[in-house]
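See structure below.
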There are 2 protein chains.
Amino acid sequence: MIDFAKSGGLVPAIAQDADTGQVLMLAWMNREAYDETLRTRRACYFSRSRNKLWRKGEESGHVQEVREVYVDCDADTILLKVKQVGGAACHEGYPSCFFRRVEGDGLTVVGERVFDPKAVYKK
Amino acid sequence: MIDFAKSGGLVPAIAQDADTGQVLMLAWMNREAYDETLRTRRACYFSRSRNKLWRKGEESGHVQEVREVYVDCDADTILLKVKQVGGAACHEGYPSCFFRRVEGDGLTVVGERVFDPKAVYKK
């Protein structure tokens, strides 16, 4: 159903807040992550940096409960409508990873932090 | 500002309707496409299949007027808030490319066609 072959096994997956419509983040899925997401109804991605499955929220507790899954016309991008537990999808503590707006030659922070990353990720 | 090097020169760009919040499509940008988008305030992508700049709407007239541009925490994904001229982002005539929802083992069409692709793309 999804064309994983096209992009070397990984397709982009957009997570959107099911209630507010806010775009929360973009991550990647391989077939295994996609299958697990459908089965568990919790967002599971594939981390390109760690090269393994990434069960979103497994460390922070900020899981994404998946309400609906959409596929685009080319079947090579996934859209998840989710409930973001904890209110923040971004590891920097913002509701959305897109918390910076391009303005002129710079970036302006427009989001407000929901949590302090240092307190949540005790590394 | 954008980390184009990370993914071989291309980063995913999400287009979201500025008014309704609907996620319209995902495409790709190289630095040139990104620069042109900022300069012209019209979405310009890079077509992976045609291997060249893709000025969205250049054939159909359904351009995307760019209202705001966001960058994610890793600076490797772009979010455009746009006004979609013509009301349909998808070449298949739907407002959004994500017009199919995963239900059970299949896909259900949930969008309604705004235009007939055959009438718009006279090929």
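Results, tabulated for the structure shown:
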{"item": "For A:63-74, mean number of other protein chain Cβ atoms within 10 Å", "result": "5"}
{"item": "Per-residue SASA entry for B:Thr20, accessible area with 1.4 Å probe, Å² rounded to 10", "result": "100"}
{"item": "Label 7 Å beyond Cα on the Cβ vector: A:Val114 copy-to-copy distances, nm", "result": "3.0"}
{"item": "Computed over chain B: relative contact order in percent, which uses C-alpha pairs under 8 Å that are six or more apart", "result": "22"}
{"item": "Degrees, to the nearest 10: A:31-40 long Cα axis against longest axis of chain A", "result": "70"}
{"item": "Listed pairs A:Lys6/B:Lys83; A:Lys52/B:Lys6; A:Lys52/B:Lys81; A:Lys81/B:Lys118; A:Lys6/B:Lys6 exceeding 22 Å between Cα atoms", "result": "A:Lys6/B:Lys83; A:Lys52/B:Lys81; A:Lys81/B:Lys118"}
{"item": "Dipole magnitude of the protein assembly as shown about its Cα centre (Cβ charges: Lys, Arg +1; Asp, Glu -1), debye to nearest 20", "result": "340"}
{"item": "B:His91, B:His62, ranked by accessible area, largest first (probe 1.4 Å)", "result": "B:His91, B:His62"}
{"item": "Across the identical copies, how the A:Arg67 labels are spaced - nm, sorted shortest first, 7 Å along Cα→Cβ", "result": "2.1"}
{"item": "Sequence of A:Asp3, B:Asp19, A:Asp105, A:Asp17 from largest to smallest accessible area, 1.4 Å probe", "result": "A:Asp105, B:Asp19, A:Asp3, A:Asp17"}
{"item": "Volume per residue of the C-alpha convex hull in region B:15-83, rounded to whole Å³", "result": "89"}
{"item": "Chain B, dipole about Cα centre (Lys/Arg Cβ +1, Asp/Glu Cβ -1), debye to the nearest 20", "result": "520"}
{"item": "Shortest-first distances to equivalent copies, position B:Glu32, nm, label 7 Å out along Cβ", "result": "3.8"}
{"item": "Chain B, closest residue to the rotation axis toward A, by beta-carbon, whole angstrom", "result": "B:Gly21, 2"}
{"item": "Sequence of A:Ser47, B:Ser7 from largest to smallest accessible area, 1.4 Å probe", "result": "B:Ser7, A:Ser47"}
{"item": "Proximal aspartates and glutamates relative to A:Lys56, as straight alpha-carbon distance under 15 Å, when same-chain residues fewer than 8 apart are discounted", "result": "A:Asp17, A:Glu32, A:Asp35, A:Glu36, A:Glu65, A:Glu92"}
{"item": "Most mobile of A:Gln84, A:Gln22, A:Gln64 in a GNM of chain A (Cα contacts under 10 Å)", "result": "A:Gln22"}
{"item": "Square roots of five times the Cα gyration tensor eigenvalues for chain A, Å", "result": "24, 17, 14"}
{"item": "Residue-averaged beta-carbon neighbours from other chains (10 angstrom radius) around B:93-103", "result": "5"}
{"item": "Contour excess over end-to-end distance, with Cα ends at B:Thr108 and B:Val85 and 0.36 nm allotted per residue", "result": "5.7 nm"}
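The values are calculated or read from the model by the stated rules, or taken from the named source; none is laboratory data. All figures in this text were calculated on a predicted structure; none of them were measured in a lab. All Cβ positions, glycine included, derive from the backbone under ideal geometry; neighbour counts span all protein chains shown. Just the protein is used for accessible areas: all its heavy atoms, side chains included, with ligands, DNA and RNA removed. Shrake-Rupley method; radii C 1.70, N 1.55, O 1.52, S 1.80 Å.
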